[in-house]
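Shown next, in structure tokens, is the structure this report addresses.
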Amino acid sequence: MSRWIGVLEVVSEPYQETTPIWAGEVFPCRLKVRPLIALDPEYGVPLFDLRDRLSFFQNMTSPIAWIGQFRGSPKEFKRQDGELIVEALRAAHASPVARPVDPRKLARRPKAWRSAVGAVVIPEPEPEPPTATAAGATAEAASREDSTHTEIQWTLLKLGSDLGLDVWVARNDRGRSFRGQNFSDLPRLRSELPRQFDDAINRTVELIDVLWLSGSAIVAAFEIESTTSIYSGLLRMADLVSMQPNLKIPLFLVAPDDKRHKVFGEVNRPTFARLKPPLHEVCRYLSFGALRERVKSVTPVVRYLKPEFLDEVAESCEVEE
């Protein structure tokens with residue numbers, strides 16, 4: 001719903017408990033809390049009402065960069081942001097203002113998928129930002145990033161198909177097109193993925209930007225990061241590695257040439273470095289420029305190549321000490 005609806009005070013150390021509370025899943029990692037403010041969603045504070053005052057909305061070059069603050073594990077906010085949010089909630093509690101909610105969104109519950117590591121929730125694709133609040137320059141930048149993302153996605157799909165491989169595009173991108181070429185018209189585009197993983201892993205794999213397949217085997221996976229945040233693809237790759245530690249799929253993070261330093265910095269964050277295996281050991285960086293140049297140079301002989309030819313232009317994400 002993108003609304004603030006309450007404040008909880010933690011009143012215990014973290015602990016593990018398997019006594020069922022909710023139907024369906026146990027969720028054993030727990031904290032005891034005390035409600036300080038609790039609002040019905042109809043009276044909640046819309047997130048975007050505070051966007052001009054919260055630090056994580058400042059200096060964004062992508063309208064969806066803010067989602068990194070809310071996705072994944074709980075994230076600590078800056079104290080000034082936290083105090084501002086609590087102040088807004090106290091004001092809403094003292095003087096409630098009813099704002100209609102979409103009953104379909106309110107009724108939706110994210111599905112918990114079973115995995116080897118337990119129950120996990122797979123994030124849905126990033127929401128579209130509200131156009132009414134988007135500045136012209138920001139919207140224009142987002143449009144350029146989206147166009148570049150589509151171009152690189154099409155390039156990888158076409159390249160895989162030309163190599164004689166089956167290809168997969170993220171299930172939420174099947175309706176896209178590039179320069180009049182519909183993704184759905186590619187002759188080797190798969191409509192379904194092989195069921196070689198559990199439900200949670202398959203759900204994650206379905207959202208990866210581009211896959212190359214040979215029979216039931218995935219021979220390469222590509223996440224395209226055209227935005228400044230470089231988070232969504234990394235989180236999907238990290239989820240995949242954590243849920244399937246013995247994964248042997250070559251993983252490529254495809255990003256702009258000028259984002260190389262940022263890609264290496266993000267991949268080598270302690271959070272990802274603690275995975276087994278560490279993300280930097282299994283993920284390679286492929287720049288937009290290198291991909292475009294390589295595709296151009298191999299076009300006459302592409303049908304004779306093997307997928308591994310990309311290793312020549314992709315870089316290891318390991319940082320030497």
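In the range 203-234, what residues are touching a Gly at 6+ places or on another chain (Cβ under 6 Å) and not aromatic (Phe, Trp, Tyr)?
Within the range 203-234, Glu223, Glu225, Ser229 meet the criteria.
Please find, within the range 1-54, the residue that is surrounded by the fewest Cβ atoms within 10 Å (Cβ to Cβ) out of those that are in contact (Cβ under 8 Å) with a residue 24 or more places away in the chain and among the aromatic types (Phe, Trp, Tyr).
Phe27
For the range 263-320, what are the residues that are of a type in the set (Val, Ile, Thr), surrounded by 13 or more Cβ atoms within 10 Å (Cβ to Cβ) and more than 22 Å from Leu157 (Cβ to Cβ)?
Of the range 263-320, the ones of a type in the set (Val, Ile, Thr) are 263, 267, 271, 282, 295, 298-299, 301-302, 313, 319.
From what's left, surrounded by 13 or more Cβ atoms within 10 Å (Cβ to Cβ): 263, 267, 271, 282, 295, 298, 302, 313.
Val267, Thr271, Val282 - these are the residues of the range 263-320 that are of a type in the set (Val, Ile, Thr), surrounded by 13 or more Cβ atoms within 10 Å (Cβ to Cβ) and more than 22 Å from Leu157 (Cβ to Cβ).
Among the residues that make up the range 173-186, is at least one of them outside the structural domain of Ile67 (by TED's automatic domain parsing) and in contact (Cβ under 8 Å) with a residue 40 or more places away in the chain? Let's see the steps before the verdict.
Residues of the range 173-186 that are outside the structural domain of Ile67 (by TED's automatic domain parsing), as a first pass: 173-186.
Next cut, in contact (Cβ under 8 Å) with a residue 40 or more places away in the chain only: none.
Within the range 173-186 (the criterion being outside the structural domain of Ile67 (by TED's automatic domain parsing) and in contact (Cβ under 8 Å) with a residue 40 or more places away in the chain), the answer is no, since none of the residues qualifies.
Can you find, within the range 162-186, the residue that is farthest from Phe309 (Cα to Cα) among those that are outside any helix (DSSP H, G or I) and over 24 Å from the mean Cα position of the chain (by Cα)?
Narrowing the range 162-186 to residues outside any helix (DSSP H, G or I): 163-170, 174-182, 186.
Then keep just the ones that are over 24 Å from the mean Cα position of the chain (by Cα); that gives 163-165, 179-181, 186.
Details: Leu163: 11, Gly164: 14, Leu165: 14, Arg179: 26, Gly180: 28, Gln181: 25, Leu186: 22 Å.
Within the range 162-186, the match that is farthest from Phe309 (Cα to Cα) is Gly180.
Restricting to the range 187-200, what's the tally of residues that are among the aliphatic types (A, V, I, L, M) and either buried (at least 19 other Cβ atoms within 10 Å of the Cβ) or not in a strand (DSSP E or B) (or both)? Outline the logic, then answer.
Within the range 187-200, the first condition is being among the aliphatic types (A, V, I, L, M), and the residues that meet it are 189, 193, 200.
Subset that is either buried (at least 19 other Cβ atoms within 10 Å of the Cβ) or not in a strand (DSSP E or B) (or both): 193, 200.
Residues meeting the conditions: 2.
The values are calculated or read from the model by the stated rules, or taken from the named source; none is laboratory data. Values in this document were obtained by computation on a predicted structure and should not be read as measured data. Note that we place each Cβ from the backbone using ideal geometry, even for glycine, and neighbour counts take in every protein chain shown.
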